[in-house]
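Note sheet for the following structure.
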């Protein structure tokens, strides 16, 4: 079934690039209809929105971060949420990173956060696979390469927009995992193989699986993150 959908998707996408001399050409409308139907089918398979959960096309997801069962007890015990929001079906992904449990020292190096291929936590964060890399490109050009985050007072509070990853279609991040690493991401500049695969980001401190949610948690955390940013700006003025 998925193979058939992939083939039809490829046909529809390639057909959408075909130009005709007449905008009223029946084949042009046919290709447009095929593309819309395929996209709607992908949505129903990968992102089933239940009746009563309509949000004007805006879809929400959460990832409840928990420490890996494989890390030593003296390592940071990171908890919190990574939240996602995206307008169906061509909006750009937004994310809120709301994490606690990091060292209180504000001079520490950054912590890398990435989307990994699998939503498998059976062996802690070690079973989440490598970086989600559907296009077979080098790091840091994977869809879920979110970069480095610098904690303040043991917390990460960050809102990011215009992200490359998506919650829709054949490259959906739904059901995959988010991992926070022990070290800073070298952004592919480490001059070795691992740098181009994972940024030499070190051990996996904590992880979670991305799943659908309602908008309440997003609105609560976004308000807190943006208000804190405004307070910081006001202190500097």
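Assigned to a loop (DSSP other than H, G, I, E, B) and free of Cβ contacts under 8 Å to residues at least 40 places away in the same chain, is that true of residue 138?
The answer is no for residue 138.
Within the stretch 75-97, does at least one residue satisfy the condition of being without any contact (Cβ under 8 Å) to a residue 24 or more places away in the chain and closer than 16 Å to residue 210 by Cα?
no
So, of the residues in the stretch 159-184 that are touching a helix residue (DSSP H, G or I) at 6+ places or on another chain (Cβ under 7 Å) and part of a strand (DSSP E or B), which turns out to be surrounded by the fewest Cβ atoms within 10 Å (Cβ to Cβ)?
Here the residue is 159.
Just so you know, all these numbers are worked out from the coordinates, no wet-lab data involved. Since this is a predicted model, take the numbers as computed values, not measurements. Heads up, the Cβs are rebuilt from the backbone with ideal geometry, glycines too, and the neighbour counts pull from every protein chain shown.
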